[in-house]
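Written out below as structure tokens is the structure these notes cover.
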Amino acid sequence: MALPDERGRFGRFGGQYVPETLMSALHALERDYFRWAEDENFRRDLKRFLADYAGRPTPLYFAERLTEHAGGAQIWLKREDLTHTGAHKINNTIGQGLLARYSGKKRVIAETGAGQHGVATATVAARLGLECTVFMGEEDTRRQALNVFRMKLLGAEVVPVRSGSATLKDAMNEAIRHWVEHVEDTFYVLGTVGGPHPYPLIVRNFQRVIGDEAKSQLFEKAGRLPDAVVACVGGGSNAMGIFYPFLEHDQVRLVGVEAAGKGLATGLHAAALQGGKPGILHGMFTYLLQDEYGQVRPAHSISAGLDYPGVGPEHAYLYETGRVQYVGVTDQQAVEAFYLLAKLEGIIPALESAHAVAYAVELARQMDPGQVILVSLSGRGDKDVETVMRLGLNPGGDPA
Amino acid sequence: MKTRLQEVLEARRAAGEKAFIPYITAWDPSPRITVQAVERLVRAGADALEIGVPYSDPLADGPTIQAASERALRAGFRLPDLFDLGPELVRVAGGVPLIAFTYANPVYRWGWAAFCRDLRRSGYAGLIVPDLPVEEAGPLREAADAEGLALVPLVAPTSRDRIAAICRSARGFVYAVSTTGVTGVRERLPASLSALLEEIRRHTSLPVGVGFGIGSPETAAEAARSADAVIVGSALVKRLAALSQPGADEGTILDELESFARSLASVLRKPEEGVPKP
């Protein structure tokens, strides 16, 4: 059976845990989505924007030197970092932006962590002539000052959120609060496969283009399915996008990499699946970092885009069914992979994506040269250069 | 199933008056103050009380109640404290029913049934869960019914064709949200409020309370024209917030809280009876 079911559930996960004020808007969104997803003009527009504006299809790249370095399975990178705005987020914001316009909404709002989804939303809003407001944790506006300026440059208003831990979780609270207040004329462009139904469904369907392309590209270049697919998981949209077309192929191992921060044992991490328990946040029933009384615990990751205490409900489902394996990569390991990819392949990955690269290298070592690992390189690392510079870490030895 | 909460509100309605339901956040800024505030609010004429359960992510609340939650959590509130506080609150409330206002996650974590059992045992009469719409409320409603607790549902201005189903699920009263938005004081209530209440009354004979945005005797009187009960939160919480300022005088602040509450209650009563005397 195709998931989610008609109640927006992936097994026991998902649902719609939102204030009553939003319920009719969520039902309307679901109706609009199914209506326009089948509409010829909408589909043509989506295809055109993904191709001519976002730069799709993105290349599938055989990382020869990284493969040599690992000394095992072949590592292939799906280059979402080469899209317009530099991350997979644009796939979804083009989809939802068009949905907003087809539904007659003139105004969009979004939450953002690292700023990638905020930039992608502001970009599409500029192109489609929509008014745009982005909510961003104050802590993140400091960590990602460049992206704040980019959003303003694109004509968006950026609202710093000071409540709670002043990160992505709180930005999402504030976006939802704002939506409750302006629900009649505002479209909420949610950035991940989380939140209340139908967002996990909509975002997955707009992101599956990553996996669909990679699957046919790999067939073309290597004549086969991958043995493993690796992607980082914060909310989990690039992972769901690349995993989805492979779910039906049981022989393909799927690995989601959560941010282990300073280590899973320290409690300072963002690994909702490996370190959390089921609970309710941001409209969904899913795995959450929380204390024994259900207070949500702040997440920690060097990567602002993974710094989120929850995870999309479909990941929670895939975790419990065992179809996807979830592992952790620490801040330190991610930074090492950041250096490694820069030096060996001339590609500076987003710190989020560096988590996937780190695990892929480890996995490749345990596999044979005849095997293939597909990695979602979800974004480029320009935004993180300053963070890495400030760390003063120098695991690669020379770039000082 | 007729709950105690419903009986209390119906009695007020039978007298041709409107009920006053104040909200405060538990442990803001200490359990001792919560007890004293409840005592004062009851003295000022409260017919029922909402006790907010502090939560890390209160997404239906505006800045005033968010800040109260943060103060209470900083003071060390943990969920068992809600139950421990119950008997003392019941004692000072003297028969005025207490309603827990809580987000879904702490309830889920404690267990739907265990939460309702412990709520009832510690003396509460009902609960409101703002992020649990009727479609998701099944397990909690069953547990609440089993304990004789009223699970009060919310109806919003956007509810439209959902109102019938919400009213069917209602216990105690129906909580009408005056405006689209989060909790917090507003200058005026929307003109469409009376139409919303008419629509609700087509589907239920339960009392209807109005909340969100009411923070003055004027807006309370306006809401009372069509509602059976008026709920006031942020305006009271704002007064209690003064306790967390340096050099705050506790007695003065509680006196102000009480006299403000009295000014709200007085517009809901028949003029000849006036306000209940301390």
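The values are calculated or read from the model by the stated rules, or taken from the named source; none is laboratory data. These figures come from a predicted structure and were not determined experimentally. A quick note on method: Cβ atoms are made from the backbone with ideal geometry, for glycine too, and the neighbour counts reach across all protein chains shown. In case anyone asks, the SASA skips ligands and DNA or RNA and just uses the protein heavy atoms, side chains included. Shrake-Rupley method; radii C 1.70, N 1.55, O 1.52, S 1.80 Å.
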Neighbours by Cβ (under 6 Å, 6+ apart or cross-chain): first from the range A:261-281, within 14 Å of another protein chain (Cβ to nearest Cβ) and touching a residue at least 60 places away in the same chain (Cβ under 8 Å); second open to solvent by less than 20 Å² (accessible area, probe 1.4 Å) and of a type in the set (Ser, Thr, Tyr): A:Ile280/A:Tyr17
Scanning the range A:68-77 residue by residue, the ones that are part of a loop (DSSP other than H, G, I, E, B) and either within 19 Å of A:Gly194 (Cβ to Cβ) or open to solvent by less than 10 Å² (accessible area, probe 1.4 Å) (or both) total 2
Among the residues in the range A:6-23, are any open to solvent by 20 Å² or more (accessible area, probe 1.4 Å), modelled with pLDDT under 95 and within 14 Å of chain B (Cβ to nearest Cβ)? yes
Let me confirm something: among A:Arg44, A:Arg56, A:Arg65, A:Arg31, which residue is surrounded by 18 or more Cβ atoms within 10 Å (Cβ to Cβ), modelled with pLDDT of 95 or more and not hydroxyl-bearing (Ser, Thr, Tyr)? A:Arg56
Say we look at the range B:11-33 and pick out the residues that are under 23 Å from B:Val210 (Cα atoms) and more than 13 Å from the chain's Cα centre (by Cα); which of these is least open to solvent (accessible area, probe 1.4 Å)? B:Glu17
Quick one: which residue in A:Arg297, A:Arg253 is open to solvent by 10 Å² or more (accessible area, probe 1.4 Å) and touching a Leu at 6+ places or on another chain (Cβ under 8 Å)? A:Arg297
Filter result for B:Ser226 (of a type in the set (S, T, N, Q) and touching a strand residue (DSSP E or B) at 6+ places or on another chain (Cβ under 9 Å)): yes
Options A:Arg253, A:Arg208, A:Arg204; residue that is more than 13 Å from the chain's Cα centre (by Cα) and among the charged types (D, E, K, R): A:Arg253
Check off (1) surrounded by fewer than 22 Cβ atoms within 10 Å (Cβ to Cβ); (2) in contact (Cβ under 8 Å) with a residue 24 or more places away in the chain for B:Pro80 and give me the number that stays unchecked. (2)
Would you point out which residue out of B:Arg160, B:Arg188 is within 12 Å of another protein chain (Cβ to nearest Cβ), surrounded by fewer than 21 Cβ atoms within 10 Å (Cβ to Cβ) and over 17 Å from B:Asp228 (Cα atoms)? B:Arg160
Kindly indicate which of B:Thr252, B:Thr204 is in contact with a strand residue (DSSP E or B) (Cβ under 8 Å, 6 or more places away or on another chain), free of Cβ contacts under 8 Å to residues at least 60 places away in the same chain and surrounded by fewer than 22 Cβ atoms within 10 Å (Cβ to Cβ). B:Thr204
Just to verify a result, which residue in the range B:98-116, among those that are over 18 Å from the mean Cα position of the chain (by Cα) and small (Gly, Ala, Ser), is most open to solvent (accessible area, probe 1.4 Å)? B:Ala113
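Residues are listed down the side, and each one gets a yes or a no for (1) open to solvent by 10 Å² or more (accessible area, probe 1.4 Å); (2) over 28 Å from A:Arg9 (Cα atoms); (3) out of contact with any Ser or Thr (no Cβ under 6 Å at 6 or more places or on another chain):
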site	(1), (2), (3)
A:Asp291	yes, no, yes
A:His315	no, no, yes
A:Glu320	yes, no, yes
A:Val324	no, no, yes
A:Thr330	yes, yes, yes
A:Glu336	yes, yes, yes
A:Ala360	no, yes, yes
A:Gly370	yes, yes, yes
A:Leu374	no, yes, yes
Is at least one residue of the range B:12-20 touching a strand residue (DSSP E or B) at 6+ places or on another chain (Cβ under 7 Å) and not basic (Lys, Arg)? yes
Only one of these is assigned to a helix (DSSP H, G or I), among the β-branched types (Val, Ile, Thr), at pLDDT 95 or above and buried (at least 16 other Cβ atoms within 10 Å of the Cβ): B:Val237, B:Val230. Name it. B:Val237
Taking the condition open to solvent by less than 10 Å² (accessible area, probe 1.4 Å), of a type outside the set (Phe, Trp, Tyr) and closer than 20 Å to A:Arg12 by Cα, does A:Gly279 pass? yes
Only listed residue being open to solvent by 20 Å² or more (accessible area, probe 1.4 Å), modelled with pLDDT of 95 or more and within 20 Å of B:Gly62 (Cβ to Cβ), chosen from B:Glu199, B:Glu222, B:Glu147: B:Glu222
A:Glu80 passes all but one of the listed conditions (1) more than 30 Å from B:Thr179 (Cα to Cα); (2) open to solvent by 10 Å² or more (accessible area, probe 1.4 Å); the exception is number (2)
Pairs only if they're at least six apart or on different chains, beta carbon under 9 angstrom, first in the range A:328-346 and within 13 Å of A:Leu377 (Cβ to Cβ), second in a strand (DSSP E or B) and open to solvent by 40 Å² or more (accessible area, probe 1.4 Å); list them, first residue then second. A:Glu345/A:Tyr61
Being part of a helix (DSSP H, G or I), of a type in the set (A, V, I, L, M, F, W, C), without any contact (Cβ under 8 Å) to a residue 12 or more places away in the chain and more than 22 Å from A:Leu153 (Cβ to Cβ) is true for just one of A:Phe34, A:Phe42. Which residue is that? A:Phe34
In the list B:Gly94, B:Gly111, which residue meets the criterion of being without any contact (Cβ under 8 Å) to a residue 24 or more places away in the chain, small (Gly, Ala, Ser) and more than 30 Å from A:His178 (Cβ to Cβ)? B:Gly111
Within the range B:50-93, work out how many residues are within 18 Å of the chain's Cα centre (by Cα), among the small types (Gly, Ala, Ser) and more than 8 Å from chain A (Cβ to nearest Cβ). 7
Give A:Tyr244, A:Tyr287, A:Tyr308 a once-over and let me know the one that is open to solvent by 10 Å² or more (accessible area, probe 1.4 Å) and under 14 Å from the mean Cα position of the chain (by Cα). A:Tyr244
Just one of (1) within 21 Å of the chain's Cα centre (by Cα); (2) within 22 Å of A:Ile210 (Cβ to Cβ) trips up A:Gln371, so point out which. (1)
Scanning the range B:117-140 for residues that are more than 14 Å from every other protein chain (Cβ to nearest Cβ) and more than 18 Å from the chain's Cα centre (by Cα), which turns out surrounded by the fewest Cβ atoms within 10 Å (Cβ to Cβ)? B:Arg121
Out of all the residues in the range B:163-177, which are touching a residue at least 40 places away in the same chain (Cβ under 8 Å) and either within 11 Å of chain A (Cβ to nearest Cβ) or of a type in the set (Val, Ile, Thr) (or both)? B:Ile163, B:Tyr175, B:Ala176
